[in-house]
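Asks: Below is the structure I would like to discuss, written out as structure tokens.
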Amino acid sequence: MPNPVYRPRRLRESPLIRKMVRESTLRTDDFMYPLFAVHGRGVREPIASMPGQFRLSIDELLKECKDAASMGIPAVLLFGIPRDKDPRGSEAYADDGIVQQAVRAVKETIPDLLVVTDVCLCEYTSHGHCGVVEEGRVKNDPTLELIGRTALSHAEAGADIVAPSDMMDGRVGAIRDTLDESGYQETPIMAYSAKYASAFYGPFREAAGSVPQFGDRRSYQMDPANGTEAMREIALDVDEGADIVMVKPALPYLDIISRAKAEFGLPLAAYSVSGEYAMIRAAGQLGWLDEERVMVEALTGIRRAGADIIITYFAKDIARLIEQGRA
Ligand code: PBG
């Protein structure tokens, strides 16, 4: 029997060699940490289906942000839970809305932490949809003005990046115009470009109380079966002025991440959503999976697929492991 000429195992024998030839690595610099802001003081309310995640009043949110920043996490992604919901989601674009207050507080206290804001109406509307509802339908164009106002109010509060997640047609262009007209030409837009109508958002909707009160989001979020359409969605957002494009969720859509990375030259974000986090945490708590290793493997897979930025509720856990040289 002749020896095989190439023996892949030669480079797998020692941890040092494995590390040297490793193709994808996780860096703390690439993580964005999502947080939920609520009204009140001293509130740190656990989210049942997302163990380790909380609804935080601004004082508590600041502690969490300081913690994240001290670990080297460069950015947080802020979501708000309003005091009251109404059909037009007015707190989404109120000057003293929860997110606007949170942005001001974080920028004042921890100026070096990037504050990214989710721009959407669904947490703020009484019907739970991401747009204006008329005659039982989610209307596209009447929503654009409200989305533009929301993004502008975030920029005025000091947001470093605004991130529209509503999936209305034309929102990136509408936001770009609104920001530019008001002197915010320099504020980047991270567009949730290929956002699927996913059941993996379940725990988030519990956290934000944003379950649609009728129907579902399939008339605006994408059909999970479609890949080529995701490329069209991303192309539209690039044309309308997106600076960073996103694929969401991440794990069931690694092929989309990989195609997007190959087809577009823009920084690409992947959002590993609440359901992905919940699955790993739950199986870990039950002792069915080695939570730490599964987390590292899942995030590495998202990176290997081509994500430049990874949005994950595991941000602090992974930053700790990287710090310890374990990821
Ligand atoms: C708001 C929004 C959602 C998520 C991010 N922004 C929920 C949704 O579209 O229903 C989901 C995030 C997650 O599940 O972690 N439109």
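The values are calculated or read from the model by the stated rules, or taken from the named source; none is laboratory data. In this text, all values refer to a predicted model and were calculated from it rather than measured experimentally. All Cβ positions, even for glycine, are placed from backbone atoms using ideal geometry, and neighbour counts span all protein chains on display. Only protein heavy atoms, including side chains, enter the accessible area calculation; ligands, DNA and RNA are left aside. Shrake-Rupley method; radii C 1.70, N 1.55, O 1.52, S 1.80 Å.
Asks: With Y184, Y192 as the choices, which residue is among the hydroxyl-bearing types (S, T, Y) and over 27 Å from A225 (Cα atoms)?
Replies: Y184
Asks: Residues of region 220-243 being in contact with a strand residue (DSSP E or B) (Cβ under 7 Å, 6 or more places away or on another chain) and away from the ligand (no atom under 13 Å from the Cβ), which ones?
Replies: From region 220-243, those in contact with a strand residue (DSSP E or B) (Cβ under 7 Å, 6 or more places away or on another chain) are 220-222, 224, 229-230, 233-234, 237-238, 241-243; that's our starting set.
Of everything in region 220-243, those that are in contact with a strand residue (DSSP E or B) (Cβ under 7 Å, 6 or more places away or on another chain) and away from the ligand (no atom under 13 Å from the Cβ) turn out to be P224, E229, A230, E233, I234, D237, V238, G241, A242, D243.
Asks: I'd like the full set of residues that are within 12 Å of the ligand (Cβ to nearest atom) and either touching a residue at least 60 places away in the same chain (Cβ under 8 Å) or not hydrophobic (A, V, I, L, M, F, W, C) (or both), limited to region 144-153. Before you say what the answer is, go through the steps one by one.
Replies: Taking region 144-153 and keeping what is within 12 Å of the ligand (Cβ to nearest atom), we get 147, 150.
Selection gives T150 alone.
Asks: I'm told I161 meets every condition in (1) surrounded by fewer than 17 Cβ atoms within 10 Å (Cβ to Cβ); (2) touching a residue at least 24 places away in the same chain (Cβ under 8 Å) except one. Can you identify the failing condition by its number?
Replies: Among (1) surrounded by fewer than 17 Cβ atoms within 10 Å (Cβ to Cβ); (2) touching a residue at least 24 places away in the same chain (Cβ under 8 Å), I161 violates only (1).
Asks: If A269 satisfies all but one of (1) more than 22 Å from A207 (Cα to Cα); (2) touching a residue at least 60 places away in the same chain (Cβ under 8 Å); (3) in contact with a Pro (Cβ under 9 Å, 6 or more places away or on another chain), what's the number of the condition it fails?
Replies: (3)
Asks: Conditions first: (1) in contact with a Pro (Cβ under 6 Å, 6 or more places away or on another chain); (2) open to solvent by 10 Å² or more (accessible area, probe 1.4 Å). T228 passes all but one, so which condition is the exception?
Replies: Evaluating T228 over (1) in contact with a Pro (Cβ under 6 Å, 6 or more places away or on another chain); (2) open to solvent by 10 Å² or more (accessible area, probe 1.4 Å) leaves (1) as the failure.
Asks: Could you grab me the full set of residues in region 178-202 that are open to solvent by less than 20 Å² (accessible area, probe 1.4 Å), under 19 Å from the mean Cα position of the chain (by Cα) and not small (G, A, S)?
Replies: Going residue by residue through region 178-202, those that are open to solvent by less than 20 Å² (accessible area, probe 1.4 Å) are 179, 187, 189-196, 198, 201.
Subset that is under 19 Å from the mean Cα position of the chain (by Cα): 187, 189-196, 198, 201.
Those that are open to solvent by less than 20 Å² (accessible area, probe 1.4 Å), under 19 Å from the mean Cα position of the chain (by Cα) and not small (G, A, S): T187, I189, M190, Y192, K195, Y196, Y201.
Asks: A follow-up question, please. For region 79-131: of the residues being more than 16 Å from S210 (Cα to Cα) and in a loop (DSSP other than H, G, I, E, B), which is most open to solvent (accessible area, probe 1.4 Å)?
Replies: In the first step, residues of region 79-131 are kept if they are more than 16 Å from S210 (Cα to Cα); the result is 93-97, 100-117.
Restricting the remaining residues to those that are in a loop (DSSP other than H, G, I, E, B) gives 94-97, 110-113.
Numbers: A94: 24, D95: 101, D96: 102, G97: 0, I110: 19, P111: 80, D112: 147, L113: 2 Å².
This residue is D112.
Asks: Please work out which residue is nearest to D317 (Cα to Cα), limiting yourself to region 68-78 and to residues that are in contact (Cβ under 8 Å) with a residue 24 or more places away in the chain and open to solvent by 10 Å² or more (accessible area, probe 1.4 Å). Explain how you work it out, then say what you get.
Replies: Just the residues of region 68-78 that are in contact (Cβ under 8 Å) with a residue 24 or more places away in the chain, to begin with: 68-69, 71-78.
Still in the list and also open to solvent by 10 Å² or more (accessible area, probe 1.4 Å): 69, 71-72, 74.
Numbers: A69: 13, M71: 10, G72: 12, P74: 14 Å.
Once the filter is applied, the top-ranked residue is M71.
Asks: Still on this structure, please answer the following. Looking at this structure, is R320 open to solvent by 40 Å² or more (accessible area, probe 1.4 Å) and either outside any helix (DSSP H, G or I) or closer than 13 Å to P51 by Cβ (or both)? First the steps, then the outcome.
Replies: Details: open to solvent by 40 Å² or more (accessible area, probe 1.4 Å): yes; either outside any helix (DSSP H, G or I) or closer than 13 Å to P51 by Cβ (or both): no.
So R320 fails the test.
Asks: Scan region 267-283 residue by residue and report those that are open to solvent by 40 Å² or more (accessible area, probe 1.4 Å) and either of a type in the set (A, V, I, L, M) or modelled with pLDDT under 95 (or both).
Replies: So in region 267-283, the residues open to solvent by 40 Å² or more (accessible area, probe 1.4 Å) come out as 267, 279, 282.
Selection gives M279, A282.
Asks: Here's another thing I want to ask about it. Do you know which residues across region 154-172 are away from the ligand (no atom under 16 Å from the Cβ) and among the hydrophobic types (A, V, I, L, M, F, W, C)?
Replies: Initially, region 154-172 is screened for residues away from the ligand (no atom under 16 Å from the Cβ), giving 155-158, 160, 170.
Passing the criteria: A155, A157.
Asks: Need pairs with beta-carbon distance below 8 Å; first residue over 29 Å from K107 (Cβ atoms) and within region 117-130, second more than 9 Å from the ligand (Cβ to nearest atom) and hydrophobic (A, V, I, L, M, F, W, C); sequence gap 6+ or separate chains.
Replies: Between residues of region 117-130 that are over 29 Å from K107 (Cβ atoms) and residues that are more than 9 Å from the ligand (Cβ to nearest atom) and hydrophobic (A, V, I, L, M, F, W, C), the close pairs are H127/V133; H127/F214; H129/V138.
Asks: Another one. Residues of region 89-117 being more than 17 Å from S57 (Cα to Cα) and within 16 Å of the ligand (Cβ to nearest atom), which ones?
Replies: The answer is G89, Y93, V116.
Asks: Every residue in region 244-266 that is open to solvent by less than 60 Å² (accessible area, probe 1.4 Å), assigned to a loop (DSSP other than H, G, I, E, B) and more than 16 Å from the ligand (Cβ to nearest atom), please.
Replies: F264, L266
Asks: Here's a check for you: in region 164-177, which residue that is assigned to a helix (DSSP H, G or I) and among the hydrophobic types (A, V, I, L, M, F, W, C) is most open to solvent (accessible area, probe 1.4 Å)?
Replies: Going residue by residue through region 164-177, those that are assigned to a helix (DSSP H, G or I) are 171-177.
If we keep only those that are among the hydrophobic types (A, V, I, L, M, F, W, C) too, we end up with 172, 174-175.
Working: V172: 0, A174: 23, I175: 1 Å².
The selected residue is A174.
Asks: Tell me which of these I175 doesn't satisfy, since it passes every other one: (1) more than 17 Å from the chain's Cα centre (by Cα); (2) away from the ligand (no atom under 15 Å from the Cβ).
Replies: Going through the list (1) more than 17 Å from the chain's Cα centre (by Cα); (2) away from the ligand (no atom under 15 Å from the Cβ), I175 breaks only (2).
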